[in-house]
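Quick notes on the structure that follows.
Just so it is clear, none of the values below were taken in a lab; they were calculated from the coordinates. Values in this document were obtained by computation on a predicted structure and should not be read as measured data. Note that we place each Cβ from the backbone using ideal geometry, even for glycine, and neighbour counts take in every protein chain shown.
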Amino acid sequence: MFVRATLSVALLSVAACKKEEAVPKTTQAPPATQEPAGKEAPPTAAQPEAAAPAPASPVLGKPAPDFTLETIDGKKVSLADHKGKVVVLEWFNPGCPFVVKSHTKGSLVDTAAKHTAGGVVWLAINSGAPGKQGHEVAENESAAKAWKLAHPVLRDVSGEVGKAYGATNTPNMFVIDASGTVVYAGAIDNSPDGERGAPTGGTLVNYVDAALADLAAGRPVATPVTKPYGCGVKYAS
């Protein structure tokens, strides 16, 4: 009896081994690699980043903050002196490469002269603090002469006026309508390199020209705000 039982168990074991060998073993794929928690996967070519929207302006659509500043030759100029007129403010730094380019081969070469001849008031404002790039009076005088600027360059040494308007770059442009409301804030044009030959989209758009044309036609400014480019305003630290 014992021998028969032993033989039966042995035969069953052999059959089980042969059955196991007849069934092919499956190979499992390695688990998918996952990014660590809290870390996003980098964007792919099929997921381009959206263009950054134009920033909001703290003064757009509001009464233009009044100010009284001195010109580089010591004369006082107030915004209130030009009440009832269209005024353009240009944040200025003669040491900034973007300002240099725009005044020598870009959109600021003749824009001010063209519009002041038609009755628009144009004021350049330098909010650079002492010791900062473009602050010195002699440098501003030299640039104004070289670029044949007929409009005044005002000195905002404390930076108070620049901060009131939210000026961030040079050049940074603001257009004020005859009622004293800021109707445009942003860049001079869509050519971030400061030259006329390389505009975004292939067609040069002078935003100040366009805003002033809209005002002259009695219609709302079609593009009231754009993202300014250029050097950062050299405010006091």
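Residues whose amide H comes within less than 5 Å of that of residue 169, counting only those at least five positions distant or on another chain, are 233 (H built at 1.01 Å from N in the peptide plane). If you wrap segment 68-232's Cα atoms in a convex hull and average its projection over all directions, what's the area in nm²? Reported value for the Cα convex hull: 8.8 nm².
Apply the a/c threshold of 1.5 to the C-alpha gyration tensor of segment 95-138 and tell me whether it is rounded, prolate or oblate.
Oblate, since a/c reaches 1.5 and b/c is not below a/b.
Pairs spanning more than 30 Å between alpha-carbon atoms, out of 101/227; 75/227; 76/114; 83/105; 83/132; 76/132: 75/227; 83/105; 83/132.
Extension gain, residue 70-residue 145: 0.36 nm per intervening residue step, less the Cα-Cα distance, totals 25.2 nm. If you take the beta carbon distance between residue 110 and residue 222 as r and set R0 to 30 Å, what does 1/(1 + (r/R0)^6) give as a FRET efficiency, to the nearest 0.05? Working from the Cβ atoms, E equals 0.85. Considering only beta bridges that DSSP places wholly inside segment 68-232, some 65 percent are antiparallel.
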